[in-house]
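Notes to accompany the following structure.
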Amino acid sequence: MEVTALLRPHIAKLSPYSSARDEYSGKEGIFLDANENPFGDWVDGKYHRYPDPYQQAIKEKLSALKGIPAQRIFLGNGSDEAIDLLIRAFCEPNRDEVLLLPPTYGMYEVSAGINAVGIRRVPLTSDFQPDVAAIQAAVRPETKMLFLCSPNNPSGNKMERSALRQLIREFPGIVVVDEAYIDFSDEPSFITELDDFPNLVVIQTFSKAWGLANLRVGMAFSSEALIRVLNLIKPPYNISGLTQEKVLQALEQAEQLDGHVKSLLAERAFLEKALERSEFVEKVFPSHANFILCKLPHARAVYEGLLKQFIIVRDRSKVLLCADCLRISVGTREENEAFLAAFEQVAGTLAAEKL
Ligand SMILES: *Cc1c(COP(=O)(O)O)cnc(C)c1O
């Protein structure tokens with residue numbers, strides 16, 4: 001399958017905006033081409049030049065780290081930007097649709113909605129796995145993209161690799177595998193399988209394991225042809241220079257990632273055990289992410305009780321297949337202990353009241 005054949009026709013024909021830094025990308029010279037302020041800003045004096053529109057320095061580091069050529073990497077203002085650009089590249093408003101497997105990450109639906117792109121839903125099974133036969137039966141000519149989130153948000157589980165492979169192989173459009181939480185899982189990334197699947201886009205982020213949510217940087221990995229399209233339709237300077245500096249610093253110390261992930265995993269195990277021991281918790285769902293979904297009586301009331309003590313978790317009890325569920329992000333030991341103490345107290349009081 002040719003990726004370009006799946007594009008919206010006008011995108012396939014688009015000629016790119018050529019920024020000043022596209023036309024001359026050298027580092028040396030007197031720069032009088034981009035209407036910048038020659039004197040510099042009055043805070044640091046170094047942010048007056050437009051940043052590298054293609055973030056080459058970051059991509060070179062990422063290329064080595066992930067084992068994929070730089071031309072097959074896209075960086076966005078959060079992975080949310082990549083999701084939005086993908087929908088805009090492949091889905092015709094008021095005609096095409098994306099296929100989602102709820103319960104899943106909310107941004108797929110938001111982005112589709114903003115772009116007037118339809119949504120087709122095939123719920124996950126009760127153990128949060130994709131129902132391959134039902135998904136394949138739901139595909140229509142208008143179904144241009146399939147979003148698979150593994151490990152999944154909000155359930156936290158990983159999806160069976162064989163099912164994901166079959167879906168990617170047999171889906172007639174673009175398949176996005178969202179790996180925002182892959183660093184917390186023992187499952188390898190699908191990046192290594194990109195060559196087997198020309199219609200595959202893998203999405204990752206600096207917001208979770210890398211601890212850089214504030215910077216807003218997401219990654220997409222795919223074929224060179226598809227990445228070229230994302231670069232064509234993105235805002236020219238979508239990642240600020242300040243952000244690029246910080247991401248580069250983090251990548252220069254990439255050896256620290258494992259240690260940080262290990263600490264998080266130790267805290268996840270601590271929280272998991274404590275929740276499993278609690279008499280107020282009905283079920284703790286196994287997590288491959290940095291949060292834990294658990295099922296308990298009176299989830300909404302527990303959520304509100306925790307709020308009163310300024311402990312904020314996510315109430316997912318209105319979400320499909322997540323009735324009576326709260327999603328708890330793993331915190332530091334201190335935060336987890338504070339949460340657990342408040343939780344036992346709030347849930348205990350509620351249980352006594354409802355007797
Ligand atoms: C948190 C999260 C992201 C990250 O989004 P950013 O825009 O990169 O911060 C992506 N996908 C899922 C499923 C997430 O939970």
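The values are calculated or read from the model by the stated rules, or taken from the named source; none is laboratory data. In this text the structure is predicted, and so the values were computed from the model without any measurement. Reconstructed Cβ throughout: ideal geometry from the backbone, glycine too, with neighbour counts over all protein chains shown. Surface accessibility is based on the protein's heavy atoms, side chains included, excluding ligands, DNA and RNA. Shrake-Rupley method; radii C 1.70, N 1.55, O 1.52, S 1.80 Å.
A few notes on this one:
- Test: residue in segment 235-248 that is at pLDDT 95 or above, more than 25 Å from residue 87 (Cα to Cα) and among the small types (Gly, Ala, Ser): yes
- The residue that is farthest from the ligand (Cβ to nearest atom), among those in segment 43-69 that are part of a helix (DSSP H, G or I) and open to solvent by less than 20 Å² (accessible area, probe 1.4 Å), is 59.
- Among the numbered conditions (1) touching a Gly at 6+ places or on another chain (Cβ under 8 Å); (2) more than 22 Å from residue 176 (Cβ to Cβ), the only one that residue 288 does not meet is (2).
- All positions within segment 336-349 that are free of Cβ contacts under 8 Å to residues at least 60 places away in the same chain and farther than 14 Å from residue 312 by Cα: 345, 349
- Count of segment 70-95 residues which are open to solvent by 10 Å² or more (accessible area, probe 1.4 Å), in a helix (DSSP H, G or I) and closer than 14 Å to residue 113 by Cα: 3
- Helices (runs of 4 or more DSSP H) contained entirely in segment 254-355, each with at least 3 residues that are closer than 27 Å to residue 209 by Cβ: 257-277, 333-354
- Residue match in segment 100-117 (condition: farther than 18 Å from residue 7 by Cβ and more than 16 Å from the ligand (Cβ to nearest atom)): yes
- Residue within segment 231-241 that is within 11 Å of the ligand (Cβ to nearest atom) and assigned to a helix (DSSP H, G or I) present: no
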